[in-house]
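Right, one structure below, let's go through it.
The values are calculated or read from the model by the stated rules, or taken from the named source; none is laboratory data. The structure displayed is predicted, hence computed values, not measured ones. Positions of Cβ are generated from backbone atoms using ideal geometry, with glycine treated the same way; all protein chains shown enter the neighbour counts. To get the accessible areas, we keep the full protein, side chains included, count just its heavy atoms, and leave off ligands, DNA and RNA. Shrake-Rupley method; radii C 1.70, N 1.55, O 1.52, S 1.80 Å.
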Amino acid sequence: MKNLILLTILISLFSCKMDKEDYIIKKFENLLGEQETKFLNELVTDLDLFLDSEYPGKKLKFKEYLKDISKSSVKTDWTIDDVKLQSYKESNLFGKYDTIYPDSVWHEGISFKINHPNHGISEELIPIDGQNKQILIDSILNLLKNKPLSVLTEASCFYSALDSVKQSDALIIEYLDAKQAVGRISQQNLADGLLSNYDDSKEYFAKRIYIINRYDL
C-alpha cells in the first residue's frame, strides 16, 4: 500500500513537471508567432538530422556537438542552406539591420576616430604595428571611411519571447544576461555556457538559442 501511494505521488510530481514545461514552451511559441515557430522548428529538425549523421550511436548528440565546439574540434560544422536562410530572415525570427558608413573619420594622436552622429555611434581604433613600420595614415583613413557597419533596426522576436520565460530556466537567464553584456556571443563561448547548464530537459531551448545566436548578427 505504501509503495502504491509513493508511486502515485511520483507520477503526480512528474506530471506536474511535464505540464509546467509544456506551458513554458507554449507560452514561448505563442509570443514567438506561428510562422516564426514553424521556421525555427524546421531549423531544429535540420540540426537534428545533422547530429544524427555526425554522432551516430551517441545518446546526447547535441551535447557532444557542443563539447566539440568548446574544444574547437568540430569535424563538420552545421550550416543553414543559404536559400532557406534568406527566406527565414525575411520573417521576424531574425533581427533586421541597416548598413551604414561613417559620417567622418580622422586621425588624432595615435588613434583613429570614427563617427556616426546620425546613429549616435562613435568608435576609436588604435592600430598595432608590431614591426614598427610607419603607419600609412591616408590608406587607413580611406579604408575606415568605406568600412560598413551593421545597425540593428528591428530586434528578433526570439529574444522578447525568450525573455518572457527566462525565470523558468537558469540557462536562459545566463544567456540573456551574457548577450546584454557583450552582444553577439562566439560559438565557443556559447557552447561553454550551454554546457554549464546542460541536461536533457533543457535541449528545447538550448538548440534554439544556439541556432539564433549563430545566425542573428
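From (1) over 27 Å from residue 26 (Cα atoms); (2) among the β-branched types (Val, Ile, Thr); (3) in contact (Cβ under 8 Å) with a residue 60 or more places away in the chain, pick out the condition that doesn't hold for residue 105.
(3)
Pick from the range 124-138 the residues that are of a type outside the set (Val, Ile, Thr) and either open to solvent by less than 70 Å² (accessible area, probe 1.4 Å) or modelled with pLDDT under 75 (or both): which of them is nearest to residue 92 (Cα to Cα)?
Here is the first cut: in the range 124-138, the residues of a type outside the set (Val, Ile, Thr) are 124-125, 127, 129-134, 136, 138.
Filter once more, so that each one left must be either open to solvent by less than 70 Å² (accessible area, probe 1.4 Å) or modelled with pLDDT under 75 (or both): 125, 127, 129-134.
Details: 125: 34, 127: 38, 129: 43, 130: 44, 131: 47, 132: 48, 133: 48, 134: 47 Å.
Result: 125.
If you take the residues in the range 63-107 that are in contact with a strand residue (DSSP E or B) (Cβ under 9 Å, 6 or more places away or on another chain) and of a type in the set (A, V, I, L, M), which one is nearest to residue 196 (Cα to Cα)?
Filtering first and then ranking leaves 100.
In the range 164-205, what count of residues is obtained for those that are over 22 Å from residue 48 (Cα atoms), part of a helix (DSSP H, G or I) and open to solvent by 70 Å² or more (accessible area, probe 1.4 Å)?
Looking only at that region, the number is 6.
What do you reckon, is residue 114 farther than 30 Å from residue 28 by Cβ, open to solvent by less than 50 Å² (accessible area, probe 1.4 Å), assigned to a strand (DSSP E or B) and aliphatic (A, V, I, L, M)? Please lay out each step first, then the result.
On the way: farther than 30 Å from residue 28 by Cβ: yes; open to solvent by less than 50 Å² (accessible area, probe 1.4 Å): yes; assigned to a strand (DSSP E or B): yes; aliphatic (A, V, I, L, M): yes.
Yes.
Find the helices (runs of 4 or more DSSP H) located wholly in the range 1-110 whose residues include 2 or more that are at pLDDT 90 or above and open to solvent by less than 50 Å² (accessible area, probe 1.4 Å), and list them.
2-32, 34-54, 61-70
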